[in-house]
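Read-outs: derived from the displayed coordinates by stated rules, not from any lab. No experiment lies behind these values; they were computed from the predicted model shown. Neighbour counts are summed over all protein chains in view; Cβ atoms, including those assigned to glycine, are modelled from backbone coordinates with ideal geometry.
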Amino acid sequence: MANKETAYMSIEELRDKYKVSDAVFEGVKAAKKWKSGRQAEENEFTKAVEDFKTAPIDGRKEEAKG
């Protein structure tokens with residue numbers, strides 16, 4: 001079985017590549033407890049951004065019913 005090489009990039013490089021706004025980028029960093037310079041896979045970064053953008057504004061894990 002062949003080894004699949006995983007490409008890591010700094011989150012700052014990924015922010016620029018995917019044109020993520022500074023506000024969203026800083027929010028993702030805070031939510032994920034990431035520090036500047038962190039190395040991440042592209043799919044990990046894009047999932048974190050998408051999760052942040054679609055999360056409830058009050059931090060709830062599930063939608064309110066009622």
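Values computed for the structure shown
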{"quantity": "Extension gain (nm, one decimal) between LYS35 and ASP58, 0.36 nm per residue minus Cα-Cα", "calculated": "6.0 nm"}
{"quantity": "Ranked by how many other beta carbons lie within 10 Å on average, peptides 9-15, 37-43, 47-53 from highest", "calculated": "9-15, 47-53, 37-43"}
{"quantity": "Whole-Hz ³J(HN,Hα) from phi, Karplus 6.51 cos²θ - 1.76 cosθ + 1.60, for segment 20-34, glycine and proline x", "calculated": "7, 5, 4, 4, 5, 4, 5, x, 5, 4, 5, 5, 8, 6, 8"}
